[in-house]
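**Student:** Let me give you the structure first, and then I'll get to my questions.
Values quoted throughout were computed directly from the atomic coordinates according to the rules given, and no laboratory measurement underlies them. No experiment lies behind these values; they were computed from the predicted model shown. A quick note on method: Cβ atoms are made from the backbone with ideal geometry, for glycine too, and the neighbour counts reach across all protein chains shown.
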Amino acid sequence: MQLYYAPDLSKNAKLPIEESKHCMKILRHQIGDIIHVTDGLGFFYDCEISDSNGSLIIRNRVKQERQRAYHLHLAVAPTKNGERTDWMIEKLVEFGIDELTFLDCSHNERNKINLERCERVAISAMKQSVKAYHLKINNIISWSELLKRSSTSDTRLIAHCDSSFSKIELQNTNRKQNILYCIGPEGDFSKQEITSALSQGFEGVSLGASRLRTETAAIAVCSFFYFQ
């Protein structure tokens, strides 16, 4: 199914300029054709094209229920290679993660992201995987700022490789209403960052015996919650 994205569809029944161009000029849809659209807020729409500028008549609306009963928020340090971050975002969308925040940690090899590019990747992945929810992506923040904001999460988890701290297995973690799961950079979280997280009520989590790349760790976490 070809899916289009119109974030303001409930207020303005019209495709955005780029979506309209793709629909009318690339795929050569005609006035009167029925197309499938999502607003990224959980709804699929069957829409009739009413003019050549992408105006629509909404014929039907269906709610896509979320897979999980809880909010899953992943906080992760961006990878040094931007293409790996793009790939990670694609997979997070496919797994249906609710929110993504990028972290600026002590061992980061990159402390800036192109948020506009990340949004484009997420939108493309949402349409490709036929999802009705747009992944919320937050700009990069410091570790201390993340800890300040973490109080809104019922379950706070931090994956790290430091054997001097106790850790639980991922399958033994609690799954309450709001989960915040933190994954560090390739050089892992610093001892100070781990200590500060534990003092804020985080639980240390093991992802197994293998040392995983940042993006691989993110996928491992998301796949676990996907099948629960």
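**Student:** Are any residues in the stretch 3-29 in contact with a Lys or Arg (Cβ under 8 Å, 6 or more places away or on another chain) and either of a type in the set (S, T, N, Q) or outside any loop (DSSP other than H, G, I, E, B) (or both), and if so, which ones?
**Tutor:** Selection gives 3, 4, 5, 20.
**Student:** Also, quick follow-up: Mind checking which pairs have a first residue in the stretch 102-116 that is outside any loop (DSSP other than H, G, I, E, B) and a second that is surrounded by 14 or more Cβ atoms within 10 Å (Cβ to Cβ) and of a type in the set (Lys, Arg), Cβ under 8 Å, 6 or more apart or different chains?
**Tutor:** none
**Student:** Scan the stretch 27-45 for residues that are within 28 Å of the chain's Cα centre (by Cα), more than 16 Å from residue 1 (Cβ to Cβ) and of a type in the set (A, V, I, L, M) and report the count.
**Tutor:** 1
**Student:** Sticking with this one: Among the candidates 82, 42, 32, single out the residue that is of a type outside the set (Val, Ile, Thr) and touching a Lys or Arg at 6+ places or on another chain (Cβ under 7 Å).
**Tutor:** Just one listed residue meets the conditions, 42.
**Student:** Say whether the condition of being closer than 17 Å to residue 92 by Cβ, without any contact (Cβ under 8 Å) to a residue 60 or more places away in the chain and within 17 Å of the chain's Cα centre (by Cα) is met by at least one residue in the stretch 196-216.
**Tutor:** yes
**Student:** Another question, then. Has the stretch 12-34 got at least one residue that is hydroxyl-bearing (Ser, Thr, Tyr) and farther than 22 Å from residue 93 by Cβ?
**Tutor:** yes
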